[in-house]
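Reviewing the structure listed below.
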Number of protein chains: 4
Amino acid sequence: MYKISIIGATGYVGLELARLLCGHGGVKIEHLFTTSAEGQQLDALYPSLRGAGLPPLETYSKEAALSSDLVFTALPHGAGGGVIPELYRAGGRVIDMSADYRLNDIAVYEQWYKSPHPCPEINGDAVYGLCELYRDRIKPTRLAANPGCYTSCAILACAPLMKSGLIDIHSIIIDAASGVSGAGRSLSQGMHFTEAHETYKAYGVTTHRHTPEIEQELSLAAGEPVYVTFTPHLLPVKRGILSTIYVNLKDGVTQEQLMEVYTEKYADEPFITLYPKGELPELKHVNGSNRCAIGFAIDKRTGRAIIVSALDNLVKGAAGAGVQNMNLMLGMPETQGLTAPAWYL
Amino acid sequence: MYKISIIGATGYVGLELARLLCGHGGVKIEHLFTTSAEGQQLDALYPSLRGAGLPPLETYSKEAALSSDLVFTALPHGAGGGVIPELYRAGGRVIDMSADYRLNDIAVYEQWYKSPHPCPEINGDAVYGLCELYRDRIKPTRLAANPGCYTSCAILACAPLMKSGLIDIHSIIIDAASGVSGAGRSLSQGMHFTEAHETYKAYGVTTHRHTPEIEQELSLAAGEPVYVTFTPHLLPVKRGILSTIYVNLKDGVTQEQLMEVYTEKYADEPFITLYPKGELPELKHVNGSNRCAIGFAIDKRTGRAIIVSALDNLVKGAAGAGVQNMNLMLGMPETQGLTAPAWYL
Amino acid sequence: MYKISIIGATGYVGLELARLLCGHGGVKIEHLFTTSAEGQQLDALYPSLRGAGLPPLETYSKEAALSSDLVFTALPHGAGGGVIPELYRAGGRVIDMSADYRLNDIAVYEQWYKSPHPCPEINGDAVYGLCELYRDRIKPTRLAANPGCYTSCAILACAPLMKSGLIDIHSIIIDAASGVSGAGRSLSQGMHFTEAHETYKAYGVTTHRHTPEIEQELSLAAGEPVYVTFTPHLLPVKRGILSTIYVNLKDGVTQEQLMEVYTEKYADEPFITLYPKGELPELKHVNGSNRCAIGFAIDKRTGRAIIVSALDNLVKGAAGAGVQNMNLMLGMPETQGLTAPAWYL
Amino acid sequence: MYKISIIGATGYVGLELARLLCGHGGVKIEHLFTTSAEGQQLDALYPSLRGAGLPPLETYSKEAALSSDLVFTALPHGAGGGVIPELYRAGGRVIDMSADYRLNDIAVYEQWYKSPHPCPEINGDAVYGLCELYRDRIKPTRLAANPGCYTSCAILACAPLMKSGLIDIHSIIIDAASGVSGAGRSLSQGMHFTEAHETYKAYGVTTHRHTPEIEQELSLAAGEPVYVTFTPHLLPVKRGILSTIYVNLKDGVTQEQLMEVYTEKYADEPFITLYPKGELPELKHVNGSNRCAIGFAIDKRTGRAIIVSALDNLVKGAAGAGVQNMNLMLGMPETQGLTAPAWYL
């Protein structure tokens, strides 16, 4: 059994990592580090974990963390500034759940996150942890940057098309909607039940920080700079992201041609579900699972394709992708601990 | 007090008309016609109406209906095929809540609704009942076609721009989301609580019947044919529609230029709320009210505007618009009975 | 037009008072006082109020408040300690929405609220503002203590039975469930969307502060001390309280006997809806309205009655009851501004 | 690997059995029988199951069913009338998810279900499949009657007290609330999203069919006839049941005495979580898991205990309990496939 530690264990990503790792079979959670609840049990915050045999929450120590085979850092961006370089340089394996090591260009990070990068020196060592794109580079790395939730949903839907020649790669519009857990456990007025229930809104319009992450990966996939319009919305649900993506098609492109491109890319992917013509994913098809479901329709009248992708923001969009990276980095089967079907109900 | 009848009173539009007319002050509901629940009280179906003093549900009779000053027909499309022409030809005033008289081109109706038009002979007499566009033509008409819910939300957001010269009118993409009441009271698997709660999906992609209605009005506003991509989604809320609309801007167009266009069109409109720069509407800002709220942002990086409009699908998107039409047709103040603020909570 | 001020206008009770008073017709909101958002507009917090013509939020001044005909204080318990006595002693009319003047016995207040009473000297002058019980005493008072939400729902359901001789008055168990707006606008972990949605819990079991208020009024109605078991629950809805109340019946008591007691008490009450045998209230029957709906069933097998009552915690349970009190205190018709039917959808 | 068949696979219990058995590890689903969707795939109805490798839906055949080691019947009550006796008599192992074999007294069944019992001859052979009470009798049986959802939640909370001498066993009142999935997949007006969302109601008051099942088991536990008042409510959530149970305590009974009784009974139970003093279960603590969580408080003022129990109606209240029974009947570890923590979010 590999030994795992989680730094920043009390947030929702920490909770979800704990939930998934409990049933993994190949790993054991050895340390749960926190700065807010030392000495408590995680199951006092989340009684759903009672009986799971987790260690107590404790104050971070480098030595304790390094005694693990792999460390998840589930901290707000910037907050892992000291810890991650320290563990990485000491030879530790780290999967960072924050945005800190996702962007290749430090200047882009500092522009969108409006603060200095916590450790530019090791940024280049980090591998973007989207297994479907970077499987081979993730296996040997000791520093994986786990992707964002909106970004995984959008990138997985668009990446196959970027070099296909079937679309205008400069026409991409991503209209996405997320459940409230995407905002995390911290309190804010807009995430109060009475303010978030029975309503719906766009937010972060033209300014959301997942934009440059999507653009980085789609540009790499295209081999040239790509800019997108990305509009997130807040849904009155706990979990799940659905992206409705609009692209202009080259003349005469058919449903079958698009499907061929997707099939070639994803036919063997264990966590991608392609939907046949006439069917599109919903949140309830993926919530609770590590799957990203993708379907599309062609609007012949306007020459556009409408691509719909869905995933659970806490699983394939965060903790599940983290476990998938962990499996690769520790040499376990990629799907171990991640095969539970979605909940539907 | 004007006398009002409602045909098809037991559906959600009938309920909402009854709710609004109870507090109107200038009208009295004289007849509630139904084909499904004769002899019952409407408040047996909807106990929220107990104490409102409504007449019993009864079987339709032409004479009874014509004794009213105005008749609302709240029937499924096609179902008013006999009744509406009969009342209209006998001199009655009719506001049809269905789609039957909304489309100027019979062929377009028959293509999208896949059935013969119920009465092509009187279709040309009907006025499209969107008061903000056709106020002067609605006042004298005896046949108003109350607009669709998605369509009102999209048309009010886009119409001012169509002749502005500020946008590419062929680039319009309307991504919209509606509460479940938009599907009406009839049962279907997808509207079952367990199937519609805690999820989100696109539906009717490239095929939704509100598409030609939007295109008709935007084409009329533009003075040339316009086609749009329209993608509706189902939200796990009872009420409300939010449209997120993407348009390509002409080079250099600013937030201020767009605002000027909207202000010129809507400054005096009692039911349009324009949002200042940096603010966008949410469902909870409009639900329960007869308002349509409109805001927008400019994405300089991609040269697009993102316009967000919101309304309550049952009020400004249906029964409230119907009352607004009724006020105009009967010579009452346009805002009478419609000034209640939105509920927020 | 009477002039009205609201102190503590930015909370949900303030919002709901503003919403109801906008359409009242007999009053005008002159001052909105706040300690947290001076100089802002209330509609910046609650855009649903845009266009309602409200005055700006301002810092409290005694003189400004006294220029109004009536002042609502919508502050947390204890927080009106200085303001209410000051206004009352200067001759102002005050409706206090907090718990401070609801309990006749200062010792009981201090035991349950665990702090000194803000002004014992004027406590005896306050009238408990439940119009259905104290209409005649409310009309002339200048200090009304608006009842609690759970308490109104429970008291209205039980009070008629207390002297009926039909029940064991010492067997009352009140199992109640409330929407999240009952907890107000302040943030707390348990009211975060992700923590309150798709779940249900009991809270404040054996310790909720509405218990002594219910007991006071039921004891007064009975003419002897009565103690109840009161268990509140948190529902994943915005609005509404439903109480399911269990009482042991005296031998042989029938549905008809109970109905006779209720009818005698409530037949002429404008805001009480009695349900016929076989029907019971739901939240959607009352939400948005000022009604309290009451129904019941008899369990012959166990000799108990199950009484179900429902109201909107923000309307009949707070702001609506406040407006009802205001109408009585200012000599307007009791139902003015309060006749809107419930929303159902 | 044991071979399993499910008869009535397309309902929510069938879905949930499929979801749980996919990850069980010791069994393989061999046949999925249906009367409504032959030839389809179950994952066409429930796309969450895509990739799970399930067999196609097929028409029931006795031979195919008997080729399995165990058959789940997930049919409405009465509908398994022919199938269950046939399989049982032919030597098959059956777990019936319906109510047909839960009641020992045929007359009680016929009184509450208002139809003849489908097979009185084998009713006496069935074991009530609540493992915590009847573990030893379930292991050897070939016919287990899987308990009801409300009933499991209530019985597990009350059974330990029945012979404790600490309570008045004739004072039990069970106020329970369930998510909408408890009503199954069939459509009905009250379970329509727009009718069930943002509301709350009591239903089946004094008449719910789970009443005699609760009474049977509590009477057996007490050794004398016990009658209860049971009031179910409908919650606007997908899953979960919470029971708030009121009992009169014998004089002077303490929290510690009650806890001792529960601890003695449940200390070693793998799926019962006892909550310490001051804590009570919520739905989100158990949903998705096979756990029943139980806590309680004592109301000294009124001499009552308030016991709160919670479980997921589809797991511990249905499919999970079914798998627990299956594990016992096939000689596998009782907890196999059932150890996933609750979801919390």
Self-check item: Residues (surrounded by 23 or more Cβ atoms within 10 Å (Cβ to Cβ) and under 21 Å from A:Gly190 (Cβ atoms)) located in segment C:11-41
Solution: C:Tyr12, C:Val13, C:Gly14, C:Leu15, C:Glu16, C:Ala18, C:Arg19
Exercise. Could you please tell me which pairs satisfy a Cβ distance under 6 Å, a separation of 6+ or placement on different chains, a first residue in segment B:279-293 that is in contact (Cβ under 8 Å) with a residue 60 or more places away in the chain, and a second residue that is surrounded by fewer than 24 Cβ atoms within 10 Å (Cβ to Cβ)?
Key: B:Cys292/B:Ile272
Quiz prompt | segment D:62-92, residues that are open to solvent by 40 Å² or more (accessible area, probe 1.4 Å) and touching a His at 6+ places or on another chain (Cβ under 9 Å) | solution = D:Ser67
Practice problem: Return yes or no: is D:Thr207 open to solvent by 30 Å² or more (accessible area, probe 1.4 Å) and either within 12 Å of chain C (Cβ to nearest Cβ) or modelled with pLDDT of 95 or more (or both)? | Solution: yes
Quiz prompt | Unique residue being in contact with a Cys (Cβ under 9 Å, 6 or more places away or on another chain), under 25 Å from C:Gly182 (Cα atoms) and part of a loop (DSSP other than H, G, I, E, B) when the list is C:Ala52, C:Ala37 | solution = C:Ala52
Quiz item: Quick one: is A:Ile122 open to solvent by less than 10 Å² (accessible area, probe 1.4 Å), more than 20 Å from A:Val315 (Cα to Cα) and aliphatic (A, V, I, L, M)?
Solution: yes
Quiz item: Quick one: would you say B:Pro333 is more than 26 Å from A:Gly204 (Cβ to Cβ), open to solvent by 10 Å² or more (accessible area, probe 1.4 Å) and within 8 Å of another protein chain (Cβ to nearest Cβ)?
Solution: no
Quiz item: Does any residue in segment A:61-73 that is without any contact (Cβ under 8 Å) to a residue 40 or more places away in the chain come within less than 9 Å, Cβ to Cβ, of a residue that is among the small types (Gly, Ala, Ser) six or more places away or on a different chain, and which pairs are these?
Solution: A:Lys62/A:Ala90; A:Lys62/A:Gly92; A:Leu66/A:Ser5; A:Leu66/A:Ala90; A:Leu66/A:Gly91; A:Leu66/A:Gly92
Practice problem: Inspect all residues belonging to segment B:256-277 and state whether any of them is within 12 Å of chain A (Cβ to nearest Cβ) and open to solvent by 20 Å² or more (accessible area, probe 1.4 Å). | Solution: yes
Quiz item: Taking segment A:171-195 as the search range and keeping residues that are part of a helix (DSSP H, G or I) and within 9 Å of chain B (Cβ to nearest Cβ), which one is farthest from B:Ala176 (Cα to Cα)?
Solution: A:Thr194
Quiz item: Taking the condition open to solvent by 30 Å² or more (accessible area, probe 1.4 Å), free of Cβ contacts under 8 Å to residues at least 60 places away in the same chain and of a type outside the set (D, E, K, R), does B:Pro236 pass?
Solution: no
Quiz item: Mind checking which residues of segment A:130-171 are under 14 Å from A:Ile241 (Cβ atoms) and under 12 Å from the mean Cα position of the chain (by Cα)?
Solution: A:Pro147, A:Gly148, A:Cys149, A:Tyr150, A:Thr151, A:Ser152, A:Cys153, A:Ala154, A:Ile155, A:Leu156
Quiz prompt | Options D:Ile294, D:Ile306: the member that is buried (at least 21 other Cβ atoms within 10 Å of the Cβ), under 29 Å from C:Ser171 (Cα atoms) and over 19 Å from the mean Cα position of the chain (by Cα) | solution = D:Ile306
Quiz prompt | Members of segment B:176-196 that are within 11 Å of D:Thr194 (Cβ to Cβ) and of a type outside the set (Lys, Arg) | solution = B:Gly179, B:Val180, B:Ser181, B:Gly182, B:Ala183, B:Gly184, B:Ser186, B:Leu187, B:Met191, B:His192, B:Phe193, B:Ala196
Exercise. Might you let me know whether segment A:138-160 holds any residue that is open to solvent by 10 Å² or more (accessible area, probe 1.4 Å), touching a strand residue (DSSP E or B) at 6+ places or on another chain (Cβ under 8 Å) and part of a loop (DSSP other than H, G, I, E, B)?
Key: yes
Practice problem: Could you tell me which numbered condition B:Ser178 fails, if it satisfies all but one of (1) outside the structural domain of B:Arg291 (by TED's automatic domain parsing); (2) under 20 Å from B:Glu215 (Cβ atoms); (3) among the hydroxyl-bearing types (Ser, Thr, Tyr)? | Solution: (1)
Exercise. Six or more apart or on different chains, Cβ under 6 Å: which pairs go from a residue in segment D:74-103 that's closer than 16 Å to D:Gly14 by Cα to one that's part of a strand (DSSP E or B) and open to solvent by 10 Å² or more (accessible area, probe 1.4 Å)? Could you list them?
Key: none
Self-check item: Filter pass, C:Asp312 being modelled with pLDDT of 95 or more and within 18 Å of the chain's Cα centre (by Cα)
Solution: yes
Quiz prompt | Residue count, segment B:62-100 (criterion: over 24 Å from B:Lys114 (Cβ atoms) and modelled with pLDDT under 95) | solution = 0
Exercise. Identify the residue in segment A:49-61 that is touching a Ser or Thr at 6+ places or on another chain (Cβ under 7 Å) and facing another protein chain (nearest Cβ under 10 Å) and, among all such residues, is most open to solvent (accessible area, probe 1.4 Å).
Key: A:Gly51
Quiz item: If you take the residues of segment A:18-38 that are of a type in the set (Ser, Thr, Tyr) and touching a Phe, Trp or Tyr at 6+ places or on another chain (Cβ under 9 Å), which of them is nearest to the other protein chains (Cβ to nearest Cβ)?
Solution: A:Thr34
Exercise. Look through segment C:217-267, keep the residues that are under 22 Å from D:Gly204 (Cα atoms) and among the hydroxyl-bearing types (Ser, Thr, Tyr), and return whichever of them is farthest from the chain's Cα centre (by Cα).
Key: C:Thr254
Quiz item: If we scan segment D:112-131, do we find a residue that is aromatic (Phe, Trp, Tyr), in a helix (DSSP H, G or I) and closer than 15 Å to D:Asn325 by Cα?
Solution: no
Quiz item: Looking at D:Leu280, is it open to solvent by less than 50 Å² (accessible area, probe 1.4 Å), at pLDDT 95 or above and more than 25 Å from B:His192 (Cβ to Cβ)?
Solution: yes
Quiz item: Just wondering, is there one or more residues in segment A:8-17 that are at pLDDT 95 or above, in a strand (DSSP E or B) and within 14 Å of chain D (Cβ to nearest Cβ)?
Solution: no
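The values are calculated or read from the model by the stated rules, or taken from the named source; none is laboratory data. All values reported here derive from a predicted model rather than from experimental measurement. Here Cβ is always computed from backbone atoms with ideal geometry, including for glycine, and neighbour counts include all displayed protein chains. The protein model used for the area step is the full one, side chains on, heavy atoms only, and it has no ligands, DNA or RNA in it. Shrake-Rupley method; radii C 1.70, N 1.55, O 1.52, S 1.80 Å.
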